[in-house]
Structure formats: C-alpha cells, structure tokens
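Heads up, the thing below is written out as structure tokens.
The values are calculated or read from the model by the stated rules, or taken from the named source; none is laboratory data. Just so it is clear, the model here is predicted, and its values are computed rather than measured. Every residue, glycine among them, receives a Cβ derived from its backbone with ideal geometry; neighbour counts consider all protein chains shown.
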Amino acid sequence: MYNPTMTDPPNPIQLLPRSTVSLSAGAVAYADQGSGRTALFVHGVLVNADLWRNTIEGVQDMRRCIAVDLPAHGATPSDARADMSLTGLAAMLEELCEVLDVGEVDLVGNDTGGAVAQVLAARYPERLRTFTLTNCDVHDNFPPEAFRPFIELAANGEFGPLVAAMAGDMGLARSEAGFGQGYEHPENLPDEVIRSYLGPFEADSGKGLERFLTSSTAAELVAIAPLLAKLEVPTQVLWGTGDIFFEPFWAERLRAMIPGVERVTEIPGAMLFYPDERAPDLVPHLRTFWERHG
C-alpha cells in the first residue's frame with residue numbers, strides 16, 4: 001500500500017514508457033501502467049503524459065493508469081487530420097477508450113486537459129465511473145487572462161519558436177518565463193522531464209503547438225454547461241491555491257456547475273502542475289475517492 005508523505009522524494013528520471021495506437025486523428029501515444037479498473041489522465045499545454053508520472057506511481061497498484069499524449073505533445077505528432085479543438089480532442093479520447101476496450105474510466109484532468117475532460121464528461125457521461133478535476137479552464141475562463149498573451153503570440157506564429165528555443169536552455173526553461181509559472185520549485189525540475197516536455201516542439205519549431213493553442217474557443221466550454229448541469233457522476237475538485245492562472249474561485253464555479261461534485265479540496269500553495277510536483281498531495285484523494293466509488 002502506498003503511504004505518501006510530504007517528504008517523499010519524486011523519482012527525478014523515471015519517465016513513462018509509451019505505446020502507440022492508430023486512431024482516425026492519426027497516431028496517438030499513451031502510457032499504460034498498473035492493473036485493475038482503468039483511470040484516464042489528461043494533461044494540458046506544454047507538458048505531456050509525464051506530468052502524471054509521480055501520481056501514477058502512487059495509484060498503479062489499484063488502477064490501470066492510461067495517460068495520453070495529446071496531439072503535438074510528447075510522442076503524439078501534430079497530424080493534419082487531428083481536430084485539436086476541445087470537442088475534437090474529447091472525441092479522440094473516447095475513440096482511444098473504445099480501441100483499448102477499457103469500459104468505464106476514472107477520469108482525471110489538469111489545465112487544458114481538464115477542459116478536454118469536461119467536454120468528454122459532458123458528451124460521453126456513460127464513459128465515466130468517477131471524475132476528478134485539478135486546476136483547469138472553466139466555462140468562459142478559456143484561456144485564462146494570464147495566458148492570453150501566449151495565445152496571441154501563437155496566432156502570430158511567434159510562440160512556437162520561443163518554446164523550441166527554451167528546449168535547449170534549461171535555465172530559461174526553469175525561469176519565470178518558463179515552468180516557473182507552473183511549478184513552485186522549477187529549480188528542482190529534472191533535465192530529463194524538461195526535455196520530455198519541450199523536446200518534441202523542436203522538430204517543427206512549435207508549429208503544431210501553435211495550432212493546438214489556437215484551435216479551441218471558450219464557446220466550446222460554454223456550450224456544454226447545460227450538459228454538465230445534468231452530470232451526476234461522482235466528482236471531486238482538487239485545487240492548488242498558488243496557481244497564477246486558475247484562482248480558487250473557479251473550483252467553486254465547478255461545484256456550482258456540476259451536481260455530481262461531492263467536495264472541493266484546496267491544496268495550499270500548489271501551482272498548476274502540482275500533479276507532478278506535489279503528487280503526495282493528490283494521490284491520497286484519488287485513492288480514497290476511488291475506493292469509495294469502486
């Protein structure tokens with residue numbers, strides 16, 4: 001049994017091995033660890049399935065953990081066939097579940113992956129056993145105000161080259177212009193993880209990333225609000241209070257929007273990418289929640 005504490009050191013170099021499946025959107029890479037009922041983990045912008053590496057280490061004894069690389073991230077290429085809107089990405093995840101024949105899943109989302117997860121939950125509620133949301137886009141807060149300048153750069157073709165250049169400069173990657181915006185202690189982020197996150201953007205100078213960033217709109221999240229208002233799937237919201245993009249207000253907004261929300265739990269001081277950095281604060285909530293509903 002996993003017994004996490006705040007002093008548990010993360011494994012700094014254990015990246016998740018990937019498998020690849022062919023879908024209508026092209027080749028999609030995913031990590032597949034553990035055994036038992038399936039949990040599906042969905043990451044956000046600039047990271048990939050390795051965001052969940054420490055969380056998966058803490059739950060793989062009780063779940064088969066599938067963590068997808070979204071298009072243009074990780075080992076999933078930027079395929080011209082891929083619909084990178086939130087709706088298209090949710091349909092891709094549903095197809096992935098069908099192809100892998102996983103049945104119901106415990107769905108977990110972070111950042112833009114949380115937005116994709118909301119669309120999946122709204123449009124394919126029968127796919128979910130439980131639903132966990134960490135800091136993410138909510139309703140019309142897409143993109144969040146603090147991220148809008150990056151979307152504008154992407155629309156002008158200027159963001160991809162910046163990110164590609166960051167892949168070769170570890171100091172810049174760990175700075176306030178890089179992962180310092182999502183990690184409390186970016187100085188502790190291992191080189192191997194940074195290369196996993198940013199290396200794939202070098203091949204095409206981040207053009208696929210720019211398409212990913214500019215393919216979705218807030219209207220997609222606003223449109224599913226009536227469906228989320230009917231979602232009775234057991235849901236929990238686990239929110240880092242140190243996030244510069246998604247304030248705790250949005251966690252309460254989710255509670256008001258989704259009738260299945262059983263509780264909102266704040267993780268003091270945790271920033272956007274805390275599922276990697278502070279997995280011991282996330283794992284016990286997942287384990288208890290899944291045990292209660294499994």
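Restricting attention to helices (runs of 4 or more DSSP H) lying wholly within region 107-193, give those where 2 or more residues are in contact with a strand residue (DSSP E or B) (Cβ under 8 Å, 6 or more places away or on another chain) and within 29 Å of GLY260 (Cβ to Cβ).
Numbers: elements: 112-123, 148-155, 159-166, 170-173.
Here the list reads 112-123.
Among the residues of region 197-218, write down those that are of a type in the set (S, T, N, Q) and more than 19 Å from HIS43 (Cβ to Cβ).
Correct list: SER205, THR217.
Under 6 Å between Cβ atoms, at least 6 apart or on separate chains: pull out the pairs that start in region 208-222 with a residue that is closer than 17 Å to PRO149 by Cβ and end on any residue that is acidic (Asp, Glu) and at pLDDT below 95.
Sorted first by the residue in region 208-222, then by its partner, the list stays empty.
For region 106-128, enumerate the residues that are crowded, with 24+ Cβ neighbours inside 10 Å, farther than 13 Å from PHE246 by Cβ and in contact with a Pro (Cβ under 9 Å, 6 or more places away or on another chain).
If the condition is that a residue be crowded, with 24+ Cβ neighbours inside 10 Å, farther than 13 Å from PHE246 by Cβ and in contact with a Pro (Cβ under 9 Å, 6 or more places away or on another chain), then VAL108 is the only one that fits.
In contact (Cβ under 8 Å) with a residue 40 or more places away in the chain, under 16 Å from LEU51 (Cβ atoms) and under 22 Å from the mean Cα position of the chain (by Cα): is that true of GLY182 in this structure? Step through it out loud before you land on a result.
Values: in contact (Cβ under 8 Å) with a residue 40 or more places away in the chain: yes; under 16 Å from LEU51 (Cβ atoms): yes; under 22 Å from the mean Cα position of the chain (by Cα): yes.
Yes, satisfied.
State which residue pairs qualify: first residue closer than 18 Å to LEU227 by Cα and inside region 104-132, second residue surrounded by fewer than 24 Cβ atoms within 10 Å (Cβ to Cβ) and of a type in the set (Gly, Ala, Ser) in any location, beta carbons under 6 Å apart, and separation of 6 or more residues or different chains.
Close Cβ pairs (under 6 Å, with a partner that is surrounded by fewer than 24 Cβ atoms within 10 Å (Cβ to Cβ) and of a type in the set (Gly, Ala, Ser)) do not exist here.
Between a first residue in region 83-103 that is under 15 Å from ARG64 (Cβ atoms) and a second residue that is surrounded by 22 or more Cβ atoms within 10 Å (Cβ to Cβ), which pairs have beta carbons less than 6 Å apart while being 6 or more apart in sequence or on different chains?
Pairs that qualify, where the first residue is under 15 Å from ARG64 (Cβ atoms) and the partner is surrounded by 22 or more Cβ atoms within 10 Å (Cβ to Cβ): there are none.
Can you work out which of the residues in region 77-90 that are in contact with a strand residue (DSSP E or B) (Cβ under 7 Å, 6 or more places away or on another chain) and farther than 14 Å from GLU202 by Cα is modelled with the highest pLDDT?
Going through the qualifying residues, I end up with ALA82.
Among the residues of region 46-58, how many are part of a helix (DSSP H, G or I) and either modelled with pLDDT under 95 or closer than 15 Å to ASN110 by Cβ (or both)?
Number satisfying all stated conditions: 8.
How do the pairs read when you match residues in region 146-161 that are farther than 20 Å from GLY182 by Cα with residues anywhere that are among the basic types (Lys, Arg), using Cβ under 8 Å and keeping only pairs 6 or more apart or on different chains?
The qualifying pairs are GLY157/LYS207.
In this structure, is ALA67 within 12 Å of the chain's Cα centre (by Cα), crowded, with 19+ Cβ neighbours inside 10 Å, among the small types (Gly, Ala, Ser) and assigned to a strand (DSSP E or B)?
yes
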